[in-house]
Each structure stands twice: as C-alpha cells, then as structure tokens.
Amino acid sequence: MTLTNLTIYSTFMMAMAGLTLHRTHLMSALICLEGMMLAIFIGLALWCSQMDSMSLSINPMALITLSACEASTGLAILVATNRTHGSDLIKNLNLLQC
Amino acid sequence: MAYIIFLGLFGLVFGMIGVASNPSPYYAAFGLVLGAASGCLILSGFGITFLSLILFLIYLGGMMVVFAYSAAMAAEPYPEAWGNMSVVFYVLFYCVVLGMGLGLVDSIDVLSIVGEFSVVRSDWGGVSVLYYSGGWLLLILGWVLLITLFVVLEVTRAVKYGSMCL
Amino acid sequence: MNPYALSIIMSSLAIGTTITLTSSHWLLAWMGLEINTLAMMPLMIKQHHPRATEATTKYFLTQAAASTLILFSTMINAWSTGQWELKELSTLPSNMMTIAIAMKLGLAPMHFWLPEVMQGLNLMTGLILSTWQKIAPMTLMLIIFNTLNVNLLITLGFLSILVGGWSGLNQTQLRKIMAYSSIAHLGWMMAILPFSPALATLNFLLYLIMTSAMFMMMILLNTTKINSLTTTWPKTPIMTSISMLILLSLGGLPPTTGFMPKWMILNELTKQHISTIATMMAISALLSLFFYLRMAYALSMTQSPNQTNSTTTWRHKSKKMTILLTATTTMSIMMLPISPCMTPLY
C-alpha cells in the first residue's frame, strides 16, 4: 500500500465517520457526502493513470457527473426540508420516530 | 514534484478532518474547498492534468459556489469554528483515529509512480473517448442529468407549506 | 404531479434497476443504483407535507452513503486486483460490500431508516419502496454470493429476523409493521444466501408477491392503522377473510405459500449442520407471527362496535382496479402444493 492509497482511504473513512457519527446540520451531512465522493474521484483518477489506459479514463468522468447529480438532489432536499421544518437541523427531523 | 504531492495529500486529509469534526456549515464548506484544492494538486502532481482541471472547474468553480450559497440556509448566530471546544475535541479524536490507522498498516511504500508532463496524456484522450465511442454510457449520463433536472424541480416545487412560501 | 414528469420518473425507476441487472461492470451497477435513488425522490416527496419531506431526507442520506460505500469498496478492489468485474471481489471489499448492500436493503444493524421512511410515504410509494427498490441490491447480492463471508451473512440474517420480529410487536401503524416484516423476510434470505442462492431467490420472489398483495389490500381498503382494519367489513366483506389468509401466509403458516420458503430454508440449513441457528431462526419467526396474528385478529375476528349509519360501501360498484390484487392474492395463498415442482430445480 502506498502513501497515496492510505491517504485516500483514510480520507474516505474520515468523511464517512463524520457523516455517521455526529451531524448538527443537514448541510454539513451533504458536505460530508461530497467529501466521500471527492476521495473516490481522486482514487479512481489515480488508478486510471496507473493503468495508463485511455478508455479507463471515462470512469472518473462518469463518477463526477453522477456525484454532481447527487449533490444537486441533496441541495434540493435541503431546500425542501427548510420549507417544511423551518431549519436544517438534523434533530428537527423527528416526526416519524417510533 | 514529490513535495507537491505530499503537500496535497496532507491538505486532503486535514481538509477532511476539518469537515468531519462538525463545525458550522460555512467552515465545513471551507474545509471541503481545501480538500478539493489539495485534490487538484495531487492529480496534477501525478500528471493527470485534464481531470485535475475538471475537478477544479466542477468542484471549486461550480459546486462549491452553490454549496457556499446554500450554507446561508444553515445560518446560526454563533457559528462554531475549529477553535470551539466540541470541534477541537472531534479534531483531536479524528487525529488519534488517523494515527491508530497509520499504526495498523504494517508497511507503507513511499514510492509512487509520477508521470511526467507531455502533450498527449491518456486521461485527456480518455475523456474524448467518451464522446467518440462512449455510446450507451454517454446516453445514460445525459439521461441522468435530465432526470436530475426533473427531480430537483419536483422536490423544490412551491407548495403551501413552510417558511419560504409566497 | 405532472404526468409527463411522472412518466419520465417512472421510466427512470425502471431503467435504473434494469441497468443494475444487466451490468457486469461495478461502475455501471453503481450508476443503476444511483438512478434508482434519484428517481425515487420525487415520488416520495409528492405530497410535500413535513413527514414526506423528512422521509425523503432520511432515504436520501442512507442510500447515498450506502452507494458511495459500494463504490469505495469496488475502488479498493480495483486497486488490489486491477479489474471491475462484478464477480471477482477480494475479502475486504466483499465484506464492505455486504455491509453497504445491507444498508441499502435495510438489514438489521442498519435497519433504522426503513420503518421511519415507510411511515412518511403514501401506500403506493410504500409498495414501490418495499418491492421494486429491493430488486437491484438483492440481485447484486445474488451475483456476488460466492465471494461473501458466511459468518457475516448469517449474523446479519439472524439479527434481522430477531429485530424485525421484536420491534414490530410494539407497532400499531400498518406501514411500520410492513417495514419490520420486510426486515424479517430479508433476514431469511441473507441467512440462506451463502448455502443456496436459488432458495434465496425463491424466497425473494415469494416475498415480492406477498408484500405486494398486502400493500394492494391496504390500498383497496385505504387503511394505515390497526384501528381502521376493524372497519373492513362494511367496505369489502370478502376481503376480511382473504386478507387474513394473506397475513397468515406472510407469517408462514403451513397451508399457505409463505410456508414453502421457510420450510425449505430450515431444511437446507439443517442439511448444512447448522441446526442451532436454524432453531433460533424458527423461534424468532414466532415473534413476527405474533403481530401478523394480531393484525389478522383485528381484521377478521372482531367487528366494529358501532353500526354504520349509511349504506355499506360494498353495495357501490368500486372503480379501483383489482386484477393485480387478485393475481398476487391467489399466488400468495395457494402456491404451496406446487412446492414439489420447485425442489428438483434447486
């Protein structure tokens, strides 16, 4: 395992731990999701460059397209939550608990 | 070049610790900007210049502007930066976790292959391959972008609920 | 919702699952899952009330995190083995993949989102969420079954059966009960998956049929609580007895279809000499059976204490389409006799 791999894996794990363990705002949960996507993008681009193949470089492009779609959907949900709940605090999302 | 890559890797991890340690969204967005900029640095350090440019344009140019703008929805009277107690605690926690992770890995190979700059890079060619022979993949990606438009419009449609209706 | 937007979104829902089902490259499979999730959002938030918004938020966060984890584990796999083939997973990525797919499906330690999301939806979307949305992740699980860790799968499966039965005991809301029932059924599939994927497929198909029958019954009767189940009789008298049989089939009692997968799974597990786990699974299934029986009791053994003041509604001709309900109900009640035809297949 190279230092680069280790860094990318630990970056992803940091962002995932941040998303799952403690969030105050929905906004920062979305930012964590973006951080996970960023780590995967960098890892994938480096993998393609190590393989040194032309057709593999399509993969990071497809990835970043879908991650942009996901980010925009997340922001749209943020707006919808803000409309109905008045703020984007995660602790306000408690209507459906048992 | 190895120093630039090392700087980028350092910035990536610490930018992400800054995001994960639960500060206010303004500062979290700043941490992500730091991470994305470091990512660009890493990619261009390895010689993947075109994807680095795309990352710069899409992440920093497009998405981060929208994120910074949307952070206004999460405005608080007293935002928590990395100086506050709870955030400092989480930063230390993640640093300890990172150190333990480093300890668990038995051997780290510091060597990595660094490509040199040249006129034709495989990544630049690869993106044009997507348009040249991408076929169904290109179609699917376009379809995803189209349905995202529909999804965003449907999700944020104005209704009579909530604080921001007319 | 605008019918044009609805048609595009419904077709993307279909396209997403189809892409995942037909792909042999992990990135394409991931894209299919993403399309599925994206297309589900507007259906869930359709009413725009606070509960729908909250359900959508929770669904989005869990699904996005899980599919990112899927992509991350395939990236690790690509770094270590150098390919993206769907069937070739090494140990660490396959464990991460199991956890990620379990989170997408709502298996036991990662199940907390499912009842809450289900409670915020209307019944039609709940039907889609508990049947169609399970197909793509379950198929991925069936494709990669021989690289998965047996102990992890059995633990997930047993925990799901136990938790699904136990937490459902406390509920009075039908959608939450159906969510817990879905968790328990998926637990049975996970427990048998490493030994006999064909049995897991059979169980999955029967789960789809029985759950759609139950949801369509709820749509027909327009009930979401156990309370309002007791007023079934003035609406459709024939459904009072038939839906009791559907419920018993979900619980897995012998003359109905639901008994077939449980019987075969217990048989297979005993053949593999893990009869302790099999016994515990069978006992935990009693917990699920208890709340099915309670629903059946409220549905058909009791009558509403007050008389109806108006004409009972079954006298009017209903405009609801019931052909699918008829088909799935028949299949979920009467398919046990064909189980000898199933056994040579497996």
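The values are calculated or read from the model by the stated rules, or taken from the named source; none is laboratory data. These numbers were taken from a predicted model, which means no experiment stands behind them. Note that we place each Cβ from the backbone using ideal geometry, even for glycine, and neighbour counts take in every protein chain shown.
Of note:
- Residues in segment C:84-110 that are within 12 Å of chain A (Cβ to nearest Cβ), under 29 Å from C:Pro42 (Cβ atoms) and either surrounded by 24 or more Cβ atoms within 10 Å (Cβ to Cβ) or over 16 Å from the mean Cα position of the chain (by Cα) (or both): C:Ile99, C:Ala100.
- When the residues of segment B:132-148 are filtered to those that are among the small types (Gly, Ala, Ser) and modelled with pLDDT under 90, the one that is surrounded by the fewest Cβ atoms within 10 Å (Cβ to Cβ) is B:Gly135.
- Of the residues screened, C:Asn227 is one that is touching a residue at least 24 places away in the same chain (Cβ under 8 Å), part of a helix (DSSP H, G or I) and farther than 21 Å from C:Pro137 by Cβ.
- Some residue of segment C:135-142 being in contact (Cβ under 8 Å) with a residue 40 or more places away in the chain, surrounded by fewer than 21 Cβ atoms within 10 Å (Cβ to Cβ) and hydrophobic (A, V, I, L, M, F, W, C): yes
- Tallying residues that are part of a helix (DSSP H, G or I) and in contact (Cβ under 8 Å) with a residue 12 or more places away in the chain within segment C:23-52 yields 20.
- Among the residues of segment C:32-51, those that are in contact with a Leu (Cβ under 7 Å, 6 or more places away or on another chain) and farther than 20 Å from C:Met138 by Cα comprise C:Met44, C:Pro50, C:Arg51.
- Condition check for B:Tyr59: in contact (Cβ under 8 Å) with a residue 12 or more places away in the chain, outside the structural domain of B:Pro25 (by TED's automatic domain parsing) and closer than 28 Å to A:Thr81 by Cβ: no
- Helices (runs of 4 or more DSSP H) (entirely within segment C:107-206) containing at least 1 residues that are in contact with a Pro (Cβ under 8 Å, 6 or more places away or on another chain): C:132-143, C:150-168, C:174-192
- When segment A:41-92 is filtered for residues that are surrounded by fewer than 24 Cβ atoms within 10 Å (Cβ to Cβ), under 14 Å from B:Val127 (Cα atoms) and either more than 7 Å from chain B (Cβ to nearest Cβ) or among the small types (Gly, Ala, Ser) (or both), the ones remaining, listed by number, are A:Ser53, A:Ser55, A:Asn59, A:Ala62, A:Leu63.
- Tally, over segment A:24-72, of residues that are over 20 Å from B:Glu76 (Cα atoms), of a type in the set (Val, Ile, Thr) and more than 12 Å from the chain's Cα centre (by Cα): 3
- Number of residues in segment C:4-29 that are touching a Lys or Arg at 6+ places or on another chain (Cβ under 9 Å) and either crowded, with 22+ Cβ neighbours inside 10 Å or under 19 Å from B:Gly142 (Cβ atoms) (or both): the value is 0.
- Qualifying positions in segment A:17-40 - more than 7 Å from chain B (Cβ to nearest Cβ) and crowded, with 21+ Cβ neighbours inside 10 Å: A:Leu19, A:Leu26, A:Ala29, A:Leu30, A:Leu33, A:Met36, A:Met37, A:Ala39, A:Ile40
- Checking A:Ser87, A:Ser67 one by one, the residue that is closer than 29 Å to C:Lys58 by Cβ, outside any helix (DSSP H, G or I) and free of Cβ contacts under 8 Å to residues at least 40 places away in the same chain is A:Ser87 and no other.
- Unmet requirement for C:Leu27, which otherwise passes all of (1) more than 12 Å from chain B (Cβ to nearest Cβ); (2) farther than 20 Å from C:Met118 by Cα: (1)
- Scanning segment A:1-32 for residues that are under 28 Å from B:Ser44 (Cα atoms) and touching a strand residue (DSSP E or B) at 6+ places or on another chain (Cβ under 8 Å) gives A:Met1, A:Thr2, A:Leu3.
- Matching residues, segment C:194-233, being out of contact with any Leu (no Cβ under 6 Å at 6 or more places or on another chain), polar (S, T, N, Q), surrounded by 18 or more Cβ atoms within 10 Å (Cβ to Cβ) and closer than 17 Å to C:Arg294 by Cβ: C:Thr230
- Subset of segment B:10-46 [part of a helix (DSSP H, G or I), facing chain A (nearest Cβ under 8 Å) and over 20 Å from B:Trp82 (Cβ atoms)]: B:Gly39, B:Ile42, B:Leu43
- Filtering A:Ala80, A:Ala39 for residues that are without any contact (Cβ under 8 Å) to a residue 24 or more places away in the chain and in a helix (DSSP H, G or I) leaves a single hit, A:Ala80.
- In the set (1) under 30 Å from A:Ser55 (Cβ atoms); (2) at pLDDT below 90; (3) under 21 Å from the mean Cα position of the chain (by Cα), the condition left unmet by C:Gly32 is number (2).
- Verdict on A:Leu95 being in contact with a Lys or Arg (Cβ under 9 Å, 6 or more places away or on another chain), facing another protein chain (nearest Cβ under 7 Å) and free of Cβ contacts under 8 Å to residues at least 40 places away in the same chain: yes
- Scanning segment A:6-16 for residues being within 7 Å of chain B (Cβ to nearest Cβ), surrounded by fewer than 24 Cβ atoms within 10 Å (Cβ to Cβ) and not hydroxyl-bearing (Ser, Thr, Tyr) gives a total of 1.
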